[in-house]
Amino acid sequence: MTFDYTHTIDHLSRLGIAFVLALPIAWDREQRERSAGLRTFTIVAIATCGFLISARSVIGPSSDAESRVWQGLLAGIGFIGSGAILKTKDGVRGTATAASIFNTAAVGAAVAYDALDIAVALSVANFAVLRWLAPFKAESTDLRHPDHT
């Protein structure tokens with residue numbers, strides 16, 4: 001086993017980019033006191049990126065093997081996201097957080113595959129939806145349930 005500084009710097013920079021792109025989403029969820037926040041979102045992004053970088057390094061260009069890594073990864077991310085969803089007597093909460101966890105994994109994957117344009121677009125879109133569409137959700141809930149204020 002040899003140590004290649006070029007690969008190390010590339011891998012660490014990708015993990016750092018995944019971390020930074022997850023921060024706006026993580027910050028929004030943390031500020032709104034959701035079940036998942038700064039730690040969960042940043043770890044999901046860097047873990048996804050790390051799994052895919054590692055897999056590609058080990059298995060090489062095998063699409064079958066890589067597909068199995070993806071399947072396991074997506075199942076795990078779905079499991080984490082499902083933990084953010086809560087059913088209450090008033091309805092279901094946490095679906096936006098769960099979807100954001102899934103999206104943050106996609107951000108990490110895009111960074112791992114050197115698709116930075118997609119990673120940035122996913123991060124910005126997720127943050128924008130959480131931040132700027134939330135008032136419309138509250139408004140539509142009030143219209144459906146006039147006694148629920």
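The values are calculated or read from the model by the stated rules, or taken from the named source; none is laboratory data. As the structure is a prediction and not an experimental result, all values here were calculated from the model. Quick reminder, even Gly has a Cβ in these numbers, built from the backbone with ideal geometry, and neighbours come from all protein chains shown.
The figures follow:
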quantity: Number of the exception - A125 against (1) exposed (fewer than 15 other Cβ atoms within 10 Å of the Cβ); (2) touching a helix residue (DSSP H, G or I) at 6+ places or on another chain (Cβ under 7 Å); (3) modelled with pLDDT of 95 or more; calculated: (2)
quantity: Qualifying residues in segment 84-119 (those that are at pLDDT below 90 and touching a helix residue (DSSP H, G or I) at 6+ places or on another chain (Cβ under 8 Å)) - the one farthest from E30 (Cα to Cα); calculated: I85
quantity: Residues located in segment 41-89, provided they are hydroxyl-bearing (S, T, Y) and within 14 Å of the chain's Cα centre (by Cα); calculated: T42, T48, S82
quantity: Residues that are modelled with pLDDT under 90 and crowded, with 20+ Cβ neighbours inside 10 Å, drawn from segment 40-60; calculated: T40
quantity: Close pairs from segment 62-73: first surrounded by 12 or more Cβ atoms within 10 Å (Cβ to Cβ), partner at pLDDT below 90, Cβ under 6 Å, at least 6 apart; calculated: A65/I59
